[in-house]
Amino acid sequence: MRVVLLGAPGVGKGTQAEILCRVHRWVHLATGDMLRKAVSQKTPLGQKAERAMSRGDLVDDQVILALIDEKLDETGDSGFVLDGFPRTLEQARGLDAILARREVDLDRVVCLTADDDEVVKRLVGRGRADDTLETIRHRLEVFRDSTQPLIGHYESRSILRTVDGVGDIQEIHGRIQSALDE
């Protein structure tokens, strides 16, 4: 199964992706981890990413899509969970093209939801230096602005499921599993 987990920062995508991958033996594709690994290994894509990151710029969509393309070459026919990617309609279209070349489609897109107060509580609780209230609120706004078009993109293909991301981790996993089984 090929799955995308969408959701605001702090909604639990990474935690749930790890559980899904452990349970189903799928591959966890987290773009942040992939970028850090490519940079540390000084791959050609990692060097491109590092130049952007060292300037404080976002890594170009084409670099991220190329990383995903490479990683999908390694996964073969294994199922996968994309954790927090795509973030924009442009990235979704790039992912669609990568999958079309492989003659496969996404099976399900799960959008985890939680209200802003819950997300703020979780993120502030992590204790990271960049998780200030102002920064968190801005990241939530950016998420809503960039992700809303994705909702329509995947709804139109009838593969989007919205899942309540509040509660016990295993309860949320159960909700996600039900959404995948539909």
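Here are the numbers for the structure shown:
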read-out	value
Meets criteria (in a strand (DSSP E or B) and within 14 Å of the chain's Cα centre (by Cα)) for V4	yes
Filter result for the condition that a residue is farther than 14 Å from L29 by Cα, modelled with pLDDT under 90, out of contact with any Phe, Trp or Tyr (no Cβ under 8 Å at 6 or more places or on another chain) and not aromatic (F, W, Y), over R93, R126, R102, R122	R126
Test: residue in the range 74-93 that is free of Cβ contacts under 8 Å to residues at least 60 places away in the same chain and crowded, with 18+ Cβ neighbours inside 10 Å	yes
Complete set of residues in the range 9-64 that are in a loop (DSSP other than H, G, I, E, B) and closer than 27 Å to D145 by Cα	P9, G10, V11, G12, R55, G56, D57, L58, V59, D60
Members of the range 37-59 that are in contact with a Gly (Cβ under 9 Å, 6 or more places away or on another chain) and either within 24 Å of R139 (Cβ to Cβ) or touching a residue at least 12 places away in the same chain (Cβ under 8 Å) (or both)	K37, A38, V39
Residues satisfying the stated conditions in the range 138-182, i.e. of a type in the set (D, E, K, R), under 13 Å from G7 (Cα atoms) and crowded, with 16+ Cβ neighbours inside 10 Å	R139, R161
Filtered residue count, the range 115-137, keeping only those that are of a type in the set (D, E), loosely packed, with under 13 Cβ neighbours inside 10 Å and farther than 21 Å from G167 by Cβ	2
Enumeration of residues in the range 96-119 that are of a type in the set (V, I, T) and either under 17 Å from T75 (Cβ atoms) or more than 19 Å from the chain's Cα centre (by Cα) (or both)	I98, V104
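The values are calculated or read from the model by the stated rules, or taken from the named source; none is laboratory data. Quick caveat, the model's predicted, so the values are computed rather than measured. Every residue, glycine as well, gets a Cβ built from its backbone with ideal geometry; the counts of neighbours run over all protein chains shown.
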